[in-house]
Amino acid sequence: MSVEINKYKIFNTELETILERKGKVVINTINAHSYIVAKNDDSFKRALLKSDVLLPDGEGIVFMIRRLLRKKVIKIAGADIHNFLLNHANKNNLKCFYLGSSNQVLNIIKTKINIQYPNIIIKTLSPPFKDVFSENENSEMHVSINDFSPDILFVGMTAPKQEKWIEENKEFINFKFVASIGAVFDFIAKTKKRAPEWMIKIKLEWLYRALTSWRLTKRYLYSNPLFLIEILKLRIKKVLNKLN
């Protein structure tokens, strides 16, 4: 994606600024892996660039922004924006829809939300586990979401599928905020564990995830070197532009 990182709408100071945005608000996150994937996936790249809010969910992205754009940013994970929006929903008696994962996970989420956030009205739907949905399957999801008309729609289909689905379907569904939060569904249900708080504080959440998932270990081994090379290339390009 090169220097198009400049186009990203990254909010990293007060999350309350998200609540002030008008119309439908699409919230996505970006990390080093998704940055590398998007360089070779035009539809994923387009979905990220067309986000209303794109949060830096990874220390690599934070490092890139600080080094190349000289902006002070902090990491905001999908779990962080999820908790923030749930607190907002509970204070304002809003409706939340969870789209993604299995019925087993969704039932656990529903039970936990009902206990921890009693003012939230919740509905869930587990879509088919497949790479591409049929027209009928998409239509069924549209109807289910629109009948409920949620204030907040959480989508957990893993990246880049979830971001692309939102971009392709947002005009057909009703919501105020939609957030692609991937693994957060499993974090809530505790089918997967998030890193301990102390590891998050010292910026080692990525290491915990790598050590607890071979799939993520392979992902980090592939993406991180490419991402570091990308930062180096952009840094050199920036220096050369200054000299010319």
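Please treat every number below as a calculation from the coordinates, not as lab data. As the structure is a computational prediction, the values presented were derived from the model and not from experiment. In this analysis, Cβ positions are derived from the backbone assuming ideal geometry, glycine residues included, and neighbour counts consider all displayed protein chains.
Relative contact order for the range 85-180: 33 percent, from Cα pairs under 8 Å spaced at least 6 residues apart, divided by residue count.
Whole-Hz Karplus values for the range 61-72 come out as 5, 4, 4, 4, 5, 5, 6, 8, 9, 6, 10, 7 Hz, taken residue by residue from phi with 6.51 cos²θ - 1.76 cosθ + 1.60 and θ = phi - 60°; glycine and proline positions read x.
Which FRET efficiency, nearest 0.05, do LEU19 and SER139 yield, Cβ-Cβ r, R0 22 Å? About 0.10, to the nearest 0.05. Would you mind finding the longest exposed-site-free stretch of the chain, with exposed GluC sites (Glu not before Pro) meaning DSSP loop and at most 15 other Cβ atoms within 10 Å? Result, exposed sites excluded: 21-244.
Counted by neighbouring Cβ atoms within 10 Å, the residues LEU226, LEU240, LEU125, LEU55 run from fewest to most as LEU240, LEU226, LEU125, LEU55.
The length gained on full extension between ASP42 and LYS112, counted as 0.36 nm times the residue separation minus their Cα-Cα distance, comes to 21.5 nm.
Only helices enter the 222 nm calculation for the chain: every DSSP H run of n ≥ 4 contributes -39,500 (n - 2.57), and dividing by all residues gives -15500 deg cm²/dmol, rounded to 500. Put a dot 7 Å past the Cα of LYS50, heading toward its Cβ, do the same for ILE231, and the two dots end up 3.0 nm apart.
Only Cα pairs under 8 Å and at least 6 apart count here; give the relative contact order of the chain as a rounded whole percent. Averaging sequence separation for qualifying contacts and normalising by length gives 22 percent for the chain. Here the chain has an Rg and Dmax of 18.2, 61 Å, counting Cα atoms alone.
Set the bar at 22 Å for Cα to Cα. Now go through LYS50/LYS233; LYS39/LYS238; LYS72/LYS203; LYS110/LYS164 and name every pair that lies beyond it. Long pairs (Cα-Cα over 22 Å): LYS50/LYS233; LYS110/LYS164.
In whole angstrom, how far apart do the alpha carbon centroids of the range 204-227 and the range 31-92 sit? The range 204-227 and the range 31-92 have Cα centres separated by 17 Å.
Estimated at 0.36 nm per residue, the fully extended path between ASN93 and PHE172 surpasses their Cα-Cα distance by 26.0 nm.
Extension gain, LYS218 to ARG70: 0.36 nm times the residue separation minus the Cα-Cα distance gives 50.2 nm.
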